[in-house]
């Protein structure tokens, strides 16, 4: 069995006119959400607290080359205490469609038991809709993590409609359930 976590980049800034989309940085909300989501995943799923791990720590963090996705991946890598060598840039993930994300995942090294992909909507949401069996993800807001299990021992065999949903984590759900973990999201601030 393989495990895959997809993460949409954290909230980014639109406040710099003339800045290319690829180069947009995280805004303050995004800089708070990324470590909160990572801390929750680490404590709840990866054995970063007092409880035993439910899943292995990711073997690799594979990210779009866009600054907002790369920054989100770097923050989470630091929370997971993973060496920088575990971070891999993948240019095909920048604004990728669902089929491209599937192709990237199929090319992962077979020695990886758990990988994380950092990317963008609408492709990540479409990917989740297509790959998950019997699970409906209503949306993938910024800095949302979708954790799933694939029924194969080989990444190259992965296909649509076969993954099982393990977790769906949004920054707003953390604010409601664990305000001490993350208190930086305004209730009237709409996720994009």
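Values computed for the structure shown
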read-out	value
Percentage relative contact order, the chain, counting C-alpha pairs under 8 Å, at least six apart	29 percent
Segment residue 43-residue 16, extension gain: residue separation times 0.36 nm, minus the distance between their alpha carbons	6.2 nm
FRET efficiency estimate (nearest 0.05) - Cβ-Cβ, residue 110 to residue 178, R0 25 angstrom	0.10
Choice from 21, 50, 59 showing the highest fluctuation, given a GNM over the chain with Cα pairs closer than 10 Å	50
Beta bridges by DSSP in the chain, antiparallel share as percent, to the nearest 5	45 percent
Likely footprinting exposure, 6, 166, fewest C-beta neighbours within 10 Å first	166, 6
Likely footprinting exposure, 85, 97, 175, fewest C-beta neighbours within 10 Å first	85, 97, 175
Whole-angstrom gap from segment 12-67 to segment 131-166, using each part's C-alpha centre	18 Å
Semi-axis lengths, Å, segment 68-114, gyration tensor of Cα atoms, sqrt of 5 times eigenvalues	20, 15, 8
Order of 79, 146 - criterion: other Cβ atoms within 10 Å of each residue's Cβ, fewest first	79, 146
Residue 50-residue 136 pseudo-label distance in nm [points 7 Å out on the Cα-to-Cβ vector]	3.9 nm
Longest to shortest principal axis, alpha-carbon extents of segment 25-177, angstrom	35, 35, 33
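Just so you know, all these numbers are worked out from the coordinates, no wet-lab data involved. Fair warning: this is a prediction, and the values are worked out from it, not measured in the lab. Reconstructed Cβ throughout: ideal geometry from the backbone, glycine too, with neighbour counts over all protein chains shown.
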